[in-house]
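Have a look at the structure below, then the notes.
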Amino acid sequence: MSKKTTSAGIIRKASLSHTIKMELRNNWLLFLMLLPAIVYVIIFAYWPMSGVVLAFKDFKTRLGIYNSPWVGMQNFKFLQISGKLGLLTRNTLLYNLAFIFLGVVLEMGFAIILNEVIGRRFKKGLQTVMFLPYFISWVVVSAIMFNMFNYEKGTINNMLNSLGMPRFDLYNSGSSWPLVLIIVNAWKKTGYGMVVYLAAITGLDQEIFEAASIDGANIWQKTRHITIPSLVPQMMILVLLALGNVFRGDFGMFYQTVKDNSNLLPYTDILDTYVYRSLMQTGDIGMSAAAGLYQSVLCFVTICAANLLVKKLQPDYALF
Amino acid sequence: MKKLLTILLALALALLPVLSVAEEGAAAVTPPVHRQDYDYSGVDLSQHYTVLMYLVGDKFAGTDAVVAKMNEILEKEYNTTLEIEFLPWSDYQTKYPLILAGGEKVDLMYTASWCYLYTEAAKGSFFTLDEDFIKTNMPMTYANQKAESWGQTTINGKCVGVPCNMMVPNYKYVGIRQDLADKYGIGPLTSWDDFMNYMLTIAEKETPVSGIYAMNAASDTIELWRTYYEGYNAMGVYSDDFLTFYPEDGALPEAESIRYAVTTDMFKQYAHDMKKLADAGCWSRSALSNTIPNYEAFANLTGASLVWNGTIFNHMHTAEAAGAVTNAYDLSPNAHVFAEEYNNSVMAVAENSENPERAAMVMDLIGFDYELNLLGNLGIEGVNWEDRGNGYYFSDSTQESYPANSNAMGWWMKKDYKIGVYDDARREAFDNNFKSRMVSNPCTTFVFDETPVKAEMAAVSAVKNEYFGPLTLGLVDDVDASIAEMTGKLEASGLQTIYDEFYRQYNEWKASR
């Protein structure tokens with residue numbers, strides 16, 4: 001019996017090795033094209049992963065990452081005693097969920113609308129205008145916002161004042177910031193995110209739309225029954241990928257727009273900005289790595305859970 | 001009468017530079033130290049080596065020319081070249097720890113009590129300078145460095161850098177728009193109450209008309225807070241976060257008298273005053289998010305006051321060039337003036353240095369050799385400064401090429417081999433006054449080893465930073481409630497654990513004195 005199993009194993013191995021060889025021989029050009037991507041992922045994604053050990057080490061410059069002494073969970077103590085872990089995790093998660101789901105609605109919605117615009121020049125112009133904010137850095141966005149919402153001298157407050165209305169104290173009203181940040185994020189990123197959906201719509205079989213038109217379907221019906229269902233696979237992939245970073249905030253946005261304004265922090269502080277502010281002075285690599293690991297573990301759990309859910313509901317749309 | 005007094009004062013100020021030059025024969029300078037008198041035979045100079053020094057701050061236009069001149073000597077006599085890299089103010093906080101941890105080439109690193117000295121020392125980023133090493137590779141430093149200065153860079157018995165070797169007053173000047181003060185009949189500012197009155201008057205009468213804030217504050221008012229507590233003869237122990245009062249009897253303060261600064265009654269009073277100023281409109285309600293530095297606002301005439309060190313005179317000059325009349329005041333003329341700590345500027349050899357001996361030698365040469373020190377400190381004679389004879393020199397502080405003592409290397413290497421002739425008589429009068437009142441912080445050599453409580457220090461510091469800005473800008477609804485909330489969070493973050501460790505180490509240090 002054991003002899004039989006062994007022989008079968010050898011045969012399977014030999015056949016696998018043969019298949020790989022055949023694959024490589026037949027598709028060597030494709031594998032060659034894939035090589036840079038594999039090298040990239042190994043260097044920039046897998047290799048740095050070993051640095052995770054820093055979260056459990058008391059980093060010493062002389063000893064380097066791997067020879068520094070182990071300190072167990074001591075580096076996590078900072079996060080634990082800060083008393084902010086719950087607030088920061090909640091803020092990071094809720095902001096990202098809002099960004100993801102609003103992003104999907106706006107990006108898909110605008111892609112569909114833009115696809116229906118007939119004038120080619122108008123369509124291109126509109127797309128460019130929507131795309132432009134993506135290229136404006138958060139530093140500039142922050143400066144624009146400050147000039148608009150400065151309490152005494154901001155454009156909007158001056159307009160309100162000249163209309164006899166009370167000024168709006170945005171920089172001391174933390175509760176307004178979730179809305180502000182969601183709007184600003186949507187303004188900046190919708191144009192860019194829309195491109196994927198626009199490309200997918202362009203690739204849809206036009207004969208289906210023509211058939212629907214012949215059957216008397218109007219634009220709304222075609223959108224609801226053809227376009228949106230056709231975009232679901234793209235949407236699922238994008239959402240799942242975004243969920244993988246749901247515990248990582250957009251540092252540029254949160255740090256530049258809010259800066260160190262402590263009055264806003266209860267509503268705007270996320271894990272990334274808190275760790276940056278707290279550890280900037282100490283420059284403690286171990287504690288920073290511990291915070292990063294905490295985020296990574298949460299992200300990993302989230303993406304696995306989301307993927308499992310999708311796999312159960314729609315196996316074809318699952319990532320892995 | 002008032003006009004006459006103003007004219008007399010102006011005449012007196014105008015004559016001051018002349019007077020200072022007229023007194024030139026009386027300059028009290030440190031005797032020059034010359035490299036030729038010291039033996040460097042213990043340093044292996046057989047191979048050429050380039051010493052890379054990192055400084056924080058921005059590079060001056062004339063830096064390359066100055067370094068080239070220094071290299072003429074270093075290359076010829078010591079087979080060594082000095083190269084300087086700058087970590088600009090805009091992002092030095094991000095880059096500094098990475099330079100040391102990232103394994104990049106670095107030989108000499110500027111550091112300071114405010115610039116990662118203790119945190120990087122705890123990581124072992126700086127080469128330990130023991131006595132034999134200093135004796136062999138840094139003979140001038142060994143012979144001339146002030147004995148009491150070493151304690152400030154000695155952590156757990158290990159010396160991690162060479163501190164500055166000159167004692168200068170560390171005090172804050174308050175600059176104001178004198179033309180506005182005169183316009184509203186405000187007399188000279190000689191107390192905190194005078195300052196409050198000036199601020200409230202400007203907010204009430206000037207801001208609504210011209211839009212000029214009494215102070216165009218940004219993020220917090222930390223410099224004003226320092227001025228405030230120094231007025232009470234309070235001093236920092238280890239850092240400005242731990243305050244106690246200067247002991248008039250000469251004894252070292254009791255450990256329990258040292259308190260976390262933001263939990264003191266003094267801070268509470270200050271926060272109440274700041275609320276009063278904020279409510280009166282002395283600065284924008286958006287000041288917490290303002291990124292235009294206070295000094296820039298003063299220089300471009302959008303702010304009517306400025307609190308800082310001697311550099312305020314440069315900004316006053318800019319404001320004056322734009323048509324304003326400015327003046328500087330001391331709000332606590334009867335308080336002590338504390339000497340700047342030696343560790344306010346330190347040069348360290350990086351642990352990663354490929355040639356620590358050569359790095360130390362260069363540090364020794366530029367730090368003490370008369371010729372090299374004058375070059376690094378003042379720049380090129382005839383280009384950046386001129387010799388006025390009898391130990392005096394003149395350097396235009398507004399020159400952009402290489403102003404004296406203005407980069408991090410200059411702060412560390414400054415020596416009074418020559419006495420500067422002021423280009424602002426007001427500053428000279430202040431500095432002479434400050435020097436006459438200068439005392440040394442008796443706790444200056446106490447260094448707190450944060451390692452056992454580093455998580456608590458980070459958490460407590462995060463809480464302090466969260467409340468410091470709103471409280472020092474008066475942008476809270478209820479000062480007492482905010483302070484009570486902050487104190488509760490500080491305690492939850494481990495403040496008592498920090499106190500316990502701080503007092504233990506302090507008492508040990510005190511017993512060893």
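Charges on Cβ only, +1 for Lys and Arg, -1 for Asp and Glu, centred on the Cα centroid of the protein assembly as shown; of A:Pro166, B:Phe446, B:Ala61, which one is farthest towards the dipole's positive end? Going by the charge dipole, the pick is A:Pro166.
Summary of packing: across the peptides B:357-363, A:299-305, the per-residue average of other C-beta atoms within 10 Å ranks them, highest first, as B:357-363, A:299-305.
Peptide A:119-130 shows a mean partner chain C-beta count of 0 within 10 Å per residue C-beta. Pick from A:Ile113, A:Ile219, A:Ile285: which residue has the top mean-square fluctuation in a GNM of chain A where Cα pairs under 10 Å get a spring? It is A:Ile219.
Under 8 Å for C-alpha pairs, at least 6 residues apart: give me the relative contact order for the range A:74-317, rounded to a whole percent. Relative contact order comes out at 31 percent. The portion of the accessible surface of chain B made up by carbon and sulfur, rounded to a whole percent, is 52 (1.4 Å probe; DNA, RNA and ligands excluded). Each 10 Å bin, from zero up to the one with the longest distance, holds this percent of the alpha carbon pairs of chain B: 4, 17, 27, 27, 18, 6, 1, 0. With helices as the sole contributors, chain A gives -22000 deg cm²/dmol at 222 nm; each DSSP H run of n ≥ 4 counts as -39500 (n - 2.57), and the sum is divided by every residue. Each Lys or Arg adds one and each Asp or Glu takes one away; over the other residues whose Cβ falls under 14 Å from the Cβ of A:Val139, this sums to 0. Determine which residues of the range B:239-270 fall in the zone a paramagnetic label at B:Gln93 would reach in this model, i.e. backbone nitrogen under 17 Å from the point 7 Å along Cα→Cβ. Residues passing the 17 Å test: B:240-241.
The helix-only estimate of mean residue ellipticity at 222 nm for chain B, built from DSSP H runs of length n ≥ 4 each weighted as -39500 (n - 2.57), is -13000 deg cm²/dmol after division by the residue total. Annotation: the antiparallel percentage among DSSP beta bridges lying fully within the protein assembly as shown is about 60. With both labels modelled 7 Å from their Cα along Cα-to-Cβ, the A:Asn218 to A:Phe101 distance reads 2.9 nm. Taking the average, over residues, of other Cβ atoms within 10 Å as the packing measure, peptides B:368-375, B:131-138, B:394-401 rank B:368-375, B:131-138, B:394-401 from highest down. Partner lysines whose Cα lies under 27 Å from the Cα of A:Lys188, excluding those fewer than 8 positions away in the same chain, are identified as A:Lys123, A:Lys124, A:Lys153, A:Lys259.
The slack between B:Asp132 and B:Val29, meaning 0.36 nm per residue of separation minus the straight C-alpha distance, is 34.1 nm.
Taking a straight Cα-Cα cut-off under 15 Å and skipping sequence neighbours fewer than 8 places away in the same chain, the aspartates and glutamates within cross-link reach of B:Lys183 are B:Glu204, B:Glu206. When chain A is treated as a GNM with alpha-carbon contacts under 10 Å, the residue of A:Trp28, A:Trp70, A:Trp187 showing the greatest mean-square fluctuation is A:Trp28.
Ranking B:Phe313, B:Leu372, B:Ala339 by how far each Cα lies toward the positive end of the dipole of the range B:309-382 (charges on Cβ) leaves B:Phe313 at the top.
Rounded to the nearest 0.05, the FRET efficiency derived from the C-beta distance between B:Ser46 and B:Glu386 at R0 = 35 Å is 0.30.
Helix screen, chain B: DSSP H segments with Cα axial length of 15 Å or more and mean Kyte-Doolittle hydropathy at least -1.0 are B:2-22, B:63-78, B:356-368, B:454-472, B:479-492.
When a/c is below 1.5 the answer is rounded, else prolate if a/b is larger than b/c, else oblate, so apply that to the range B:237-291 with a ≥ b ≥ c taken from the square roots of the Cα gyration tensor eigenvalues. Prolate, because a/c is 1.5 or more and a/b exceeds b/c. Taking a Cβ cut-off of under 14 Å around B:Glu354, the surrounding Lys, Arg, Asp and Glu residues balance to a net charge of -3, with basic ones at +1 and acidic ones at -1.
Computed from label points 7 Å out along Cα-Cβ, the spacing between B:Ala511 and B:Lys205 is 6.1 nm. Counts of other chain beta carbons within 10 angstrom of each beta carbon in peptide A:148-158 average 3. Taking the Cα centre of the range B:173-338 as reference, the dipole from Cβ charges on Lys and Arg (+1) and Asp and Glu (-1) amounts to some 540 debye. The charge dipole of the protein assembly as shown, taken about its Cα centre with unit charges on the Cβ atoms of Lys, Arg (+1), Asp and Glu (-1) only, comes to about 3860 debye. Contact with the other protein chains removes 10 Å² or more of accessible area, compared with the isolated chain and a 1.4 Å probe, from these residues of the range A:168-208: A:Asp169, A:Tyr171, A:Asn172. Projecting the Cα atoms of A:Met253, A:Ser213, A:Gly292 onto the charge dipole of the range A:160-312, computed from C-beta unit charges around the Cα centre, puts A:Gly292 farthest toward the positive end.
Note on B:Asn334 and A:Gln314: the model spin-label points, each 7 Å out from Cα along the C-beta direction, lie 8.0 nm apart. Applying 1/(1 + (r/R0)^6) with r as the Cβ-Cβ distance of A:Lys124 and A:Ile38 and R0 = 41 angstrom yields a FRET efficiency of 0.65.
For the range A:219-292, what is the accessible area per residue in Å² when the probe is 1.4 Å? Accessible area per residue: 37 Å². When accessible surface is computed with a 1.4 Å probe, chains A and B are found to bury approximately 3200 Å² between them, both chains counted. Taking the range A:22-48 and a reference point 7 angstrom along Cα→Cβ of A:Phe300, the backbone N atoms nearer than 13 Å belong to A:46. Counting only Cβ charges, +1 for Lys and Arg and -1 for Asp and Glu, the dipole size of the range A:74-317 around its Cα centre is about 260 debye.
Per-residue shielding of B:117-125, expressed as the average number of other chain Cβ atoms within 10 Å of the residue Cβ, stands at 4. Measuring between alpha carbons in the structure, the pairs from B:Lys158/B:Lys435; B:Lys158/B:Lys464; B:Lys95/B:Lys123; B:Lys59/B:Lys158; B:Lys414/B:Lys435 lying more than 23 angstrom apart are B:Lys158/B:Lys435; B:Lys158/B:Lys464; B:Lys59/B:Lys158.
For the pair A:Glu116 and A:Ile237, a Förster radius of 30 Å applied to the C-beta separation gives a FRET efficiency near 0.80, rounded to the nearest 0.05. Per residue, the average separation of C-alpha pairs within less than 8 Å and at least 6 apart gives chain B a relative contact order of 25 percent. Taking Cβ atoms as reference points and 11 Å as the exclusive limit, the residues near B:Trp308 contribute a net charge of +1, counting Lys and Arg as +1 and Asp and Glu as -1.
The values are calculated or read from the model by the stated rules, or taken from the named source; none is laboratory data. Please read these numbers as outputs of a predicted model, since none were measured by experiment. Neighbour counts run over all protein chains shown; Cβ positions are idealised from the backbone, glycine included. Protein only, heavy atoms only, side chains kept; ligands, DNA and RNA dropped before computing areas. Shrake-Rupley method; radii C 1.70, N 1.55, O 1.52, S 1.80 Å.
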